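Colleague: Here it is, the structure, as structure tokens.
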Amino acid sequence: MRSASGVWFVFTAAPLLANVHRCYVKPLRNKTLLWKQVISEEGVSFKIVGNGSEQQLQQELEDVLMDPSVTELVCGPDHLGGVEHGYPTTAVPPRSGPVPPKLEIVLPIQGAKESELNERSYRDEPSDLSPGTPVPDEDSVVFSKLTYLGCASVNAPRSEVEALRMVSILRSQCQMPLDVTLSVPGVSEGTVRLLDPQTSTEIANYPIYKILFCVRGHDSTPESDCFAFTESHYNSEIFRIHVFRCEIQEAVSRILYSFATAFRRSANKVPLAAKAPPLTPDSDVFSFTVSLEIKEDDGKGTFSAVSKDKDRQSFKLRPGMDKKIVIYVQQTSNKELAIERCFGLLLSPGKNVKNSDMHLLDLESMGKSSDGKSYIITGSWNPNTPQFQAVNEETAKDKFMYMTTAVDLVITEVEEPVRFLLETRVRVCSPNDRLFWPFSKRSYTETFYLKLRPMENKERKSNSDTLYEVVSLESETERERRKTTASPGILSSGSHSSMVPSPPEDDEEEDNDEPLLSGSGDVSKECGEKILETWGDLLSKWHLNLAVRPKPLPALVRSGVPEALRGEVWQLLAGCHNNDHLVEEYRTLITKESPQDSAITRDINRTFPAHDYFKDTGGDGQDSLYKICKAYSVYDEEIGYCQGQSFLAAVLLLHMPEEQAFSVLVKIMFEYGLRELFKQNFEDLHCKFFQLERLMQEYIPDLYAHFLNVGLEAHMYASQWFLTLFTAKFPLYMVFHIIDLLLCEGISVIFNVALALLKTSKDDLLQMDFEGALKFFRVPVPKRYRSEENAKKLMELACSMKISQKKLKKYEKEYHTIREQQEQQEAPIERYERENRRLQEANMRLEQENDDLAHELVSSKIALRKDLDNAEEKSDALNKELLITKQKLVESEDEKRRLEEESAQLKEMCRRELDKSESEIKKNSSIIGEYKQICSQLSERLERQQTANKGELEKIRMKVEGCEKCSILFSKEGRLKVLSAPKEGSEEDTDEEKAVLKNQLREMELELAQTKLQLVEAECKIQDLEHHLGLALNEVQAAKKTWFNRTLSSIKTVTGAQGKESV
């Protein structure tokens, strides 16, 4: 393995290996399974090939990086995680003893296919084995009816895209497929075997720990009946993919499930802390983990997770601040159920509240997480409303209250909604209290067990995906409460001794060979009021001028910074009060790929396994720690990630958010000189060892002489002290105090602590030999300081030792002088060989960097060429579009000119028509006036004529009445009377008079008829004139309408033509 500084570490594995495999298994619905491995070895040793003695740093970091106990605790078989291969290993020899039987599993395949999938069982009886069948040496499941399509080399063994591409290629190009039988082991130490289906003889085998990735073809593709796995070949230098086709497509999922089972199970002994095995897919109980996180407005436009009181496990809230409730739901066992949506997030103060007392919150978002494992619901909470008054008022210092949160989920396969109910403790702090970053998790997690009953076909709704109905839903807390109620006598007598074991005494611990786990020890946050007031006054003054440290600061730091203030004080001591650029850079760095990702992932699982915040694989602590280490490896390209950095990052992460922790880590590495220890083949680290030995010679001469006699050198026991700053093995109380002094006084504090440790352990060390002293440094020394009192005494002794910088400079000069003399006295050939090795290493490193740069250059050129081609295509398209636009512009301008001309013509025509219409109107008006005048004259004339006729008639009537003869002929009304036969004598006169009168009457009637005729003619003329007037008016209106319609139609025609052209 190669470190970032160019030093090659050669690991030598002991004969006995303890392989512990870990896996990620994605749901079968995604058709992809992924697993990775971590292998821990007992008795691991390493050496440095390069400048200096091969014995240097022989076992210094072994306790920190390769501790089997730590690996077993962290890498248990039931923990999930994504960890890369750390270093090459060899396969485990076959186990001796009786052969365990293989499992017989019958797949639920319907119809004729049920007999085709042959999963056979090997028994202990020899008669069951066919001739030529090898004796099985492990639990396994055998699958037949498979075809081996071939293998190929791959560059990215964990890339699903590349794996599916190779599956497609091999499936389409394979001309001679091979029928095989596949044997998948049921344990993680087993081997995948390819067997001849006829003779059952082994064709090839692949150890489980070398298999890196497994994938199946997507549905609705030709590769849906294929699966493949990648494996490391020839000590991880070459990666190959093996592709298979299954005659029964449904069996592909079952085969991949068997692979996943191989990585979940372990043939080794199960640790005490191991959980029960997961439920089988046909079980009726589905388990979920539901986590609650409360976020609070930090006044900067963002919401940050609130802290959690470690002692009371209660959330610490501030009154009057807007909050958000975040719920994480993750299924942990059984067949995956699809969460469709959340239709309600409810909250209520108190415990055991009624449904009617729950208050609905506004949902902000819901959906799956980026990795697809969890379903996340976020709701906004305004505590200032009256219903939440109880959780918006300050709580007494020693009191707390309960708060109930409920989330209602719609699960596709379940008939009715499912409600998860979380009851948590909360405490409302004073607005003036300082809230600091907690050491424990910032979320509350509860496990729920959902028991379902399969529904019959007749019970299901039509066109519905529901398969189950809810039988019961029970939380882990309810289960424990039920057990306690069921057996109070048993628990009262044995609970304290079995469930909560008391810590052993120090002497017993020291006699135990097991080393102290990193991250051990509780740190109390309690502090005296006077000390807090003193620190509060100091911080207030310091904030006024951050560039100058207050004078009382060193004395206060030597006594230890209060736990509640460490996050703030460490950032001020490191000079990170104005680190916005580092924070922004950190957010960019975590998005980049790190070349040391596998080493980081491997070390993350071994960092602080005894601490609650980091012990859960894939938890918040490990996730944040991984991002910090990854970001630093990208930030510091020269050094990169160095093994042991994760411990220091974890210490910082316990006191501040990950962005600030990254900033402080950068300050410690660069400004405090820690990164210098990893440079130039650890040259500065060897100088520190020499300085420590010279200080021992001065302060502890008898122990120095004893170490010389037994051959114990400083690098054999003090490497981790300098490289990890005592963070790897010592209790947290002591570690935090050391970091206090380091940030205040510099890295030379390590010498003070180291001398104090040696001085307090002098009497024991003087009685031990070489091996005993090494074991003493590894196990008893860290355990002695689990006691806070012992740690305080040690730190007081360290602070009382005065080590001047002048003395350290003097020893540094001595070291460099001795090194120069050694180089001069060294034989030229050896010196040249050493220089040659150094140059070869540098050359290899430069060649690797050159290859990386060349690859990056080629990739950049390809990307630039691709971008250039895209830009050219886009330019051509834009040019074409520009030409079309120009052409349209010319056409539009021509159309505009044509429309302007037509508009001018229309205006001229309108003007002429208007003049013509006005003249016609005037003419018609004059004609109408003349007609009216004539009609009025005729009417007057007619009236005069009628009046004259009436007068004449009246005269005639008067004359007739005055005539005696005539009066008898007429009645009073003027009508003739019928007379009797006249006398003969007067008949002639009468006849004459009658004739005269008749003539007059005839003339009068004629005149009357003429008058009437004239009257009729006058009326006819009037009607004729009125008719002509109406015709004239109609002609005027028609003329107006015709012109207006013609104008409108022309305008509409032009507008319609333009619209068609624009479309």
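Colleague: Between Leu878, Leu938, Leu906, Leu883, which is in a helix (DSSP H, G or I) and within 21 Å of Ser1049 (Cα to Cα)?
Modeller: Leu906
Colleague: Shifting gears a bit: Report, by residue number, each residue of the stretch 681-720 that is under 43 Å from the mean Cα position of the chain (by Cα), open to solvent by 10 Å² or more (accessible area, probe 1.4 Å) and either closer than 22 Å to Lys783 by Cβ or touching a residue at least 12 places away in the same chain (Cβ under 8 Å) (or both).
Modeller: Asn681, Phe682, Gln720
Colleague: Within 30 Å of Ile1022 (Cβ to Cβ) and either open to solvent by 80 Å² or more (accessible area, probe 1.4 Å) or under 60 Å from the mean Cα position of the chain (by Cα) (or both) - does that describe any residue in the stretch 855-864?
Modeller: No, there is no match, as no residue in the stretch 855-864 is within 30 Å of Ile1022 (Cβ to Cβ) and either open to solvent by 80 Å² or more (accessible area, probe 1.4 Å) or under 60 Å from the mean Cα position of the chain (by Cα) (or both).
Colleague: Of all residues in the stretch 341-371, which are open to solvent by 40 Å² or more (accessible area, probe 1.4 Å) and under 29 Å from Thr261 (Cβ atoms)?
Modeller: Lys368, Ser370, Asp371
Colleague: Going by the conditions given, is Leu317 at pLDDT 90 or above and buried (at least 18 other Cβ atoms within 10 Å of the Cβ)?
Modeller: no
Colleague: Just for the stretch 195-228: of the residues that are charged (D, E, K, R) and surrounded by fewer than 19 Cβ atoms within 10 Å (Cβ to Cβ), which one is farthest from Cys151 (Cα to Cα)?
Modeller: If we take residues in the stretch 195-228 being charged (D, E, K, R) and surrounded by fewer than 19 Cβ atoms within 10 Å (Cβ to Cβ), then Asp219 is farthest from Cys151 (Cα to Cα).
Colleague: In the list Arg897, Arg865, which residue meets the criterion of being over 30 Å from Glu637 (Cβ atoms) and either among the hydroxyl-bearing types (Ser, Thr, Tyr) or assigned to a helix (DSSP H, G or I) (or both)?
Modeller: Answer to the check: Arg897.
Colleague: Looking only at the stretch 915-938, how many residues end up being touching a Lys or Arg at 6+ places or on another chain (Cβ under 9 Å) and either open to solvent by 60 Å² or more (accessible area, probe 1.4 Å) or not small (Gly, Ala, Ser) (or both)?
Modeller: 4
Colleague: Next question. Kindly indicate which of Arg911, Arg941, Arg957 is open to solvent by 50 Å² or more (accessible area, probe 1.4 Å), out of contact with any Pro (no Cβ under 6 Å at 6 or more places or on another chain) and closer than 20 Å to Asp1024 by Cα.
Modeller: When all the criteria are applied, what remains is Arg941.
Colleague: I'm told Ile531 meets every condition in (1) open to solvent by 70 Å² or more (accessible area, probe 1.4 Å); (2) at pLDDT 90 or above except one. Can you identify the failing condition by its number?
Modeller: Ile531 satisfies every listed condition except (2).
Colleague: In the stretch 386-411, which residue that is in a loop (DSSP other than H, G, I, E, B) and open to solvent by 40 Å² or more (accessible area, probe 1.4 Å) is nearest to Gln330 (Cα to Cα)?
Modeller: Result: Phe400.
Colleague: Would you say Asn268 is out of contact with any helix residue (DSSP H, G or I) (no Cβ under 6 Å at 6 or more places or on another chain) and either under 22 Å from Val187 (Cβ atoms) or at pLDDT 85 or above (or both)?
Modeller: Against the criterion (out of contact with any helix residue (DSSP H, G or I) (no Cβ under 6 Å at 6 or more places or on another chain) and either under 22 Å from Val187 (Cβ atoms) or at pLDDT 85 or above (or both)), Asn268 qualifies.
Colleague: Now for a separate question. Quick test of your reading of the structure: Asp225 fulfils all but one of (1) without any contact (Cβ under 8 Å) to a residue 40 or more places away in the chain; (2) over 30 Å from Asp597 (Cα atoms); (3) out of contact with any Gly (no Cβ under 8 Å at 6 or more places or on another chain). Name the failing condition by number.
Modeller: It fails just one condition, (3).
Colleague: Taking the stretch 575-589, which residues are in a loop (DSSP other than H, G, I, E, B) and buried (at least 17 other Cβ atoms within 10 Å of the Cβ)?
Modeller: Cys576, Asn579
Colleague: Additional query: Going by the conditions given, is Gly618 open to solvent by 20 Å² or more (accessible area, probe 1.4 Å), farther than 27 Å from Leu774 by Cβ and part of a loop (DSSP other than H, G, I, E, B)?
Modeller: Answer is yes for this residue.
Colleague: So, in the stretch 749-793, exactly how many residues are outside any helix (DSSP H, G or I) and open to solvent by less than 20 Å² (accessible area, probe 1.4 Å)?
Modeller: Final tally of qualifying residues: 3.
Colleague: May I ask you to list the residues in the stretch 978-1022 that are polar (S, T, N, Q), at pLDDT below 80 and surrounded by fewer than 11 Cβ atoms within 10 Å (Cβ to Cβ)?
Modeller: Ser980
Colleague: How about the stretch 543-553: which of its residues are outside any loop (DSSP other than H, G, I, E, B) and modelled with pLDDT under 90?
Modeller: Within the stretch 543-553, His543, Leu544 qualify.
Colleague: Taking the stated definitions as given, is Ala610 surrounded by fewer than 21 Cβ atoms within 10 Å (Cβ to Cβ), within 28 Å of Ser524 (Cα to Cα) and touching a residue at least 40 places away in the same chain (Cβ under 8 Å)?
Modeller: When the stated conditions are applied, Ala610 passes them.
The values are calculated or read from the model by the stated rules, or taken from the named source; none is laboratory data. Note that the coordinates shown come from a computational prediction; the quantities given were computed from them, not determined experimentally. All Cβ positions, glycine included, derive from the backbone under ideal geometry; neighbour counts span all protein chains shown. Surface accessibility is based on the protein's heavy atoms, side chains included, excluding ligands, DNA and RNA. Shrake-Rupley method; radii C 1.70, N 1.55, O 1.52, S 1.80 Å.
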